[in-house]
Structure formats: C-alpha cells, structure tokens
Amino acid sequence: MITRDGAAFAEYVGNLPMDFGKAIARAAFLVAPDGFRMAEESAADNHYMATPDAFDPARASQQHRQLHRALSTQVPTVCFPGDAATPDAVFPNNVFATTPGRVIVGRMRHPVRQREAGRSDIRGFFRDVLGYALTDLSTQAHPCELTGAMVVDRARGIGWCGLSERCDEAGAQLLHAAFGLRATLLFDLAPGEYHTNVVLAVLAGRAALICPDGVQGPEVALALTAVYAPHAIVLSRAEKDAFAGNAIALSQDAVWMSATAERGLGRKTRTALAAAGFAVHCVELDAIEAGGGSLRCCVAEIF
C-alpha cells in the first residue's frame, strides 16, 4: 500500500504484525566532519543551517568523536573519513541506508551531496566486507533522500514519507520498493521543512515523536496516534526547532538526541518518553547542528 489516506493507512497498519524485522539496527556508521563548512547548495532549502561564520570545524570534529564513542556503547559503530569536497557528508543517513543483506544508495537533490553517493570505500565496505547486494537509486531522476525523507518503522515494515524538494512522489515510490515495505503514507511537509526526520521519529517500533507543525494537515498526527498510542508523543514547535524530532533509538530502552534537543524537552515530553520505556541519552552537537542537521542525521543504520 502507498497512499495519502491517513485513516486507511492506520486501519491497514493496525492489523499488521510486528514481525517484519528487527526494530533497531545491529550496527551503525558515521562519516567524520572533515572539511566541515556551509554548503551553499544545501543551505538553499535548509533553514536550520547556520551562517558561514558560525561553523567551527575543530569543535565539530571533537563533538563528532564524542558521538562515535557514545554510540559505540550501544552498537558497533564504524566511522569513515570525511572529504572537503563533500561538506555535508557528516549526515550519511540521507545517502546510504540498509535492509538485511542490502545497501541502498539514494538520489540526492543537490550536486554537492550527489558526490557522496559515489564513494567507493563505503560501497566497497558493504559489497566486499559485509557481502550486501546493492540497490542504486543515485543515477535516476527523482530525489529520494532515504531516511531523511522516509522514516521507517522496521518492526512493522511501514514508511512515513514527507514530500518536499528532497523527495518527490516518484522518489517515494522508489524508496517504498527499495526498502520492501508493506505500506507507506505519503504527505507534504510544511513549507520550510526539508526532511521528515526533523519533524518525526519512530522509536523501536513502539513510540513516535511528531511535531504537527512540521507537516501539512492533521492526517499524519492522527495516523501516528492510531498506530502508536499510547506512545504517540507530540512535540511543540520549540522542541522541534531544537532538533528533538531528530532522535533515534539504538536499543529498546534508550533514545538518543543532541544535548540541544535534550535541553529543549518540556516536562510533558520527558514524562511521555519515560512512560514509553526510554531513557534520554544525549551528546553535545551544537557545532554539527550548524550544518542544519542533528544526531539522527549523523547515524546511518546497518540492519
């Protein structure tokens, strides 16, 4: 099923067993912020990005190393080097994603990010070291920025895909097929939002974070409530702007977000996360966030 009908989607998903796959990744990989600076092309449709003088490459590198150490306490975490020619490469989840035994390479909107998709070392790691098959979407015409655009519930095999200049409807259909999903809900992101994973997160298949202001219309929030109640957690615009929606669960009992996001959480959200069984873990990433993304954007999952 691929639909824009939130009620029909929720009804269908409500009858699905949570047997599609493991809800959390078995490993993760990062790309170091070598050459980290403002990418002017990406800044054209990412209002979260800071001005050029706010970028601090040394601090970004230090914080990214702390992130690597922290995530390694939860799952094996590999870090590839960055490249000054690809200053956005610190956010690899938009370019590379996996299903068991398969790596997917996305089609990025901006040429500065399209260069990342050709990295032979990352492709070789999955092909030659892990023995993964390849689904390469990088050369077709439709933007489909993987788990930036499509938030995937791995336990149910469903996708929540926000459409914008970073993922059109044809690109969403390609992602649905590449991930082999049972159902995908399509919806338009609110004006000014560039990626779904800034406004929405699914945590280990049993809880969700959603900022209704980040999407157009009420259908998405209603569908999320139907699927994840009683753990569909509504974020305020202020929490979303602090990157609280850019969160990830790498275990059944912990949600990871940046320290900026953690400081921005309201009491109601903290209580709701605790009720869903999640302790909040955080890493200071303000220098990385100058690039317009946060912790979730830095983490490419390996299933």
What helices (runs of 4 or more DSSP H) lie completely within region 64-163 and have 3 or more residues being farther than 25 Å from Lys22 by Cα?
111-114
Answer yes if at least one residue in region 172-189 is β-branched (Val, Ile, Thr), more than 13 Å from the chain's Cα centre (by Cα), within 24 Å of Ala28 (Cβ to Cβ) and not in a loop (DSSP other than H, G, I, E, B), and no otherwise.
yes
Selection status of Asp241, surrounded by fewer than 22 Cβ atoms within 10 Å (Cβ to Cβ), of a type in the set (D, E, K, R), more than 17 Å from the chain's Cα centre (by Cα) and modelled with pLDDT of 95 or more:
no
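Residues in region 53-63: is at least one farther than 25 Å from Ala208 by Cβ, among the charged types (D, E, K, R), in contact (Cβ under 8 Å) with a residue 12 or more places away in the chain and not in a loop (DSSP other than H, G, I, E, B)?
So far as region 53-63 goes, yes, one or more of its residues are farther than 25 Å from Ala208 by Cβ, among the charged types (D, E, K, R), in contact (Cβ under 8 Å) with a residue 12 or more places away in the chain and not in a loop (DSSP other than H, G, I, E, B).
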Tell me, yes or no, whether region 191-199 has at least one residue that is part of a helix (DSSP H, G or I), free of Cβ contacts under 8 Å to residues at least 60 places away in the same chain, in contact with a helix residue (DSSP H, G or I) (Cβ under 7 Å, 6 or more places away or on another chain) and not β-branched (Val, Ile, Thr).
no
Would you list the strands (runs of 3 or more DSSP E) that sit entirely within region 222-302 and hold 2 or more residues that are over 19 Å from Gln66 (Cα atoms)?
232-234
Restricting to region 204-222, name every residue that is under 19 Å from Tyr194 (Cβ atoms), crowded, with 22+ Cβ neighbours inside 10 Å and not β-branched (Val, Ile, Thr).
Leu209, Cys211, Gly214
When Val202 is evaluated against the numbered criteria (1) closer than 26 Å to Phe303 by Cβ; (2) in contact (Cβ under 8 Å) with a residue 60 or more places away in the chain, which criterion, by number, is the only one it fails?
(2)
Please go through region 40-52 and pick out each residue that is charged (D, E, K, R) and either touching a strand residue (DSSP E or B) at 6+ places or on another chain (Cβ under 6 Å) or part of a helix (DSSP H, G or I) (or both).
Glu40, Glu41
(1) at pLDDT below 95; (2) of a type in the set (S, T, N, Q); (3) surrounded by 24 or more Cβ atoms within 10 Å (Cβ to Cβ): which one isn't true of Asn93, the others all being true?
(1)
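Mind telling me which of the residues Ala60, Ala10, Ala25 ends up being crowded, with 18+ Cβ neighbours inside 10 Å, touching a Pro at 6+ places or on another chain (Cβ under 9 Å) and small (Gly, Ala, Ser)?
Criteria check complete, one pass: Ala60.
Kindly provide the set of residues from region 223-235 that are touching a residue at least 60 places away in the same chain (Cβ under 8 Å) and crowded, with 17+ Cβ neighbours inside 10 Å, ordered by number.
If the condition is that a residue be touching a residue at least 60 places away in the same chain (Cβ under 8 Å) and crowded, with 17+ Cβ neighbours inside 10 Å, then Ala223, Leu224, Val227 are the ones that fit.
The values are calculated or read from the model by the stated rules, or taken from the named source; none is laboratory data. Remember, it's a predicted structure, so these values are computed and weren't measured experimentally. Cβ coordinates were reconstructed from backbone atoms using ideal geometry, including for glycine residues, and neighbour counts include every protein chain displayed.
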